[in-house]
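The structure appears below as structure tokens.
The values are calculated or read from the model by the stated rules, or taken from the named source; none is laboratory data. Quick caveat: nothing in here was measured; it's all calculated off a predicted structure. Using ideal geometry, Cβ is built from the backbone for each residue, glycine included, and neighbour counts are taken over all protein chains shown.
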There are 2 protein chains.
Amino acid sequence: MSRKVIELFYDVVSPYAWLGFEVLCRYRNVWNMELKLRPALLGRVIEATGNKSPAMVPNKAQYMITDLDRLASYMNVPVCQPSHAFEVMFIKGSLPAMRFITAVAEKEKDGDHLLENVSREVWKRIWSTDQDICEPASLSEAGLKAGLSSSEVEELLGLAKSQPVKDKLKQTIQEAINYEAFGLPLIVCHVDGKPQVFFGSDRFELMAHCIGEKWLGPQPFKPTSNL
Amino acid sequence: MSRKVIELFYDVVSPYAWLGFEVLCRYRNVWNMELKLRPALLGRVIEATGNKSPAMVPNKAQYMITDLDRLASYMNVPVCQPSHAFEVMFIKGSLPAMRFITAVAEKEKDGDHLLENVSREVWKRIWSTDQDICEPASLSEAGLKAGLSSSEVEELLGLAKSQPVKDKLKQTIQEAINYEAFGLPLIVCHVDGKPQVFFGSDRFELMAHCIGEKWLGPQPFKPTSNL
């Protein structure tokens, strides 16, 4: 069986994307798969496809608060609903954060260990500890917590404003749109050369069935052998 | 442990509601629960809460076709995507069908065997065999297939136009809205006197966790004993 490639298009502004990110990171060594983290931008995807934020419908926004609480607890991801998140969602936007994360992805040559850690640290700030993610100092703190040095963080903050990184983010957004995204997270499973696209973080059981893997819940056992 | 009451607010215009309906009917004898089928009207819920049909966003509509195909196969419900469904969704509406189904619910005194069967037969027409569900003759056919006699069907078609049935449907819609519905299906689990509300047909694993039951997938084994 050839290794499946699973791409996760995400934006830290989405708490559902965080849930999907943690679950897929946990399944890295459970499923026969290579995970590709694809930092993108939710706002642009929504804008480009004529969708609107689910949070614009009051009952839906209210439901999402309950839904997220329950999912966070069940999936063991420390999502809570802090005030900064709403400021980022509706006023400031996540563009600087996603450019910074894209810069990390571009700079990291060997694997995506740093990309994973930095993404998680930024998510923690906005969706768990209620801290800003828009200012350079905030992204710097997240980078340091993720294991980068001060000089690396400085370099990445500069790189985040460069044309190649801006272009790379645009290109990733376009790739998501080419998969007919209308929101994020978008999970694209490449099995036998065919992409299978799943929107959201609530299709893992179905996804496992479709790609011939086993769903063991959001907190799978870590196998100690290949058996 | 007291028996849980699970209410399913649904409209036959929604294929996702059909999936949820079949799964809950299968779990009737697996979970310690009493299922209450609550025929409502999706259009009114959407209208009343400022939501819009997901099918209005082209990429989302396209995704739903794929999503439904995969879910139908995985859940073993014969949903396909016939032309009548779109006519009902966007032009004719499901009001006469849901009034007819409400009449069945009102007339049935002992259990909801007929309500279940009639709902399923109407769903089959619109979402599987590509047949009309708007004309009285169509609802009549569905009723006969569900085990009603010709005279019962005649009576129910009359009853469907009566004020008490119109009022009952309105009341059910209002109950769904009181649970902060923004769409259907809406599943309300009453456990220890507290309602837990789940939207859609993709939260069964989470729901099981929240209500203290076990999720065995969309096609659970039927237990042969209480062990």
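Summary table below
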quantity	calculated
Residue satisfying condition, being away from every other protein chain (no Cβ under 11 Å) and within 26 Å of B:D67 (Cα to Cα), within set B:Q131, B:Q196, B:Q174	B:Q131
The stretch A:89-104 - residue that is part of a helix (DSSP H, G or I) and surrounded by 20 or more Cβ atoms within 10 Å (Cβ to Cβ) and, of those, nearest to the other protein chains (Cβ to nearest Cβ)	A:M98
Options B:Y63, B:Y74; residue that is of a type outside the set (V, I, T) and free of Cβ contacts under 8 Å to residues at least 60 places away in the same chain	B:Y63
Residue satisfying condition, being part of a helix (DSSP H, G or I), at pLDDT 95 or above and either under 23 Å from A:S94 (Cα atoms) or under 14 Å from the mean Cα position of the chain (by Cα) (or both), within set A:L35, A:L19	A:L19
Residue in the stretch A:22-36 that is within 14 Å of chain B (Cβ to nearest Cβ) and not basic (K, R) present	yes
The stretch A:28-46 residues that are closer than 17 Å to A:D167 by Cβ, paired with ones that are of a type in the set (S, T, N, Q) (beta carbon under 6 Å, 6 or more apart)	A:R38/A:T172; A:P39/A:T102; A:A40/A:T172
Options B:L184, B:L216; residue that is under 23 Å from A:F198 (Cβ atoms) and under 18 Å from the mean Cα position of the chain (by Cα)	B:L184
Output for the stretch B:28-49, where each listed residue is in contact with a helix residue (DSSP H, G or I) (Cβ under 7 Å, 6 or more places away or on another chain) and small (G, A, S)	B:A40, B:A48
Positions within the stretch B:47-73 being surrounded by fewer than 19 Cβ atoms within 10 Å (Cβ to Cβ), touching a Gly at 6+ places or on another chain (Cβ under 9 Å) and either in a helix (DSSP H, G or I) or more than 10 Å from chain A (Cβ to nearest Cβ) (or both), in sequence order	B:S53, B:P54, B:M56, B:P58
Residue within the stretch B:92-103 that is at pLDDT 90 or above and either charged (D, E, K, R) or under 25 Å from B:E205 (Cβ atoms) (or both) present	yes
Any pair with Cβ under 6 angstrom, 6 or more apart, that starts in the stretch B:152-181 at a residue that is over 19 Å from B:E108 (Cα atoms) and ends at one that is exposed (fewer than 15 other Cβ atoms within 10 Å of the Cβ)	B:E180/A:Q62
Unmet requirement for B:L206, which otherwise passes all of (1) without any contact (Cβ under 8 Å) to a residue 24 or more places away in the chain; (2) away from chain A (no Cβ under 13 Å)	(2)
Hits in the stretch A:178-193 (condition: within 11 Å of chain B (Cβ to nearest Cβ) and at pLDDT 95 or above)	A:N178, A:Y179, A:L186
The stretch B:76-87: number of residues that are modelled with pLDDT of 85 or more and at negative phi	4
B:V191 vs. criteria within 23 Å of A:M75 (Cβ to Cβ) and within 16 Å of the chain's Cα centre (by Cα)	no
Residue match in the stretch A:132-151 (condition: more than 19 Å from the chain's Cα centre (by Cα) and buried (at least 20 other Cβ atoms within 10 Å of the Cβ))	yes
Residue in the stretch B:77-84 that is away from chain A (no Cβ under 14 Å) and in a helix (DSSP H, G or I) present	yes
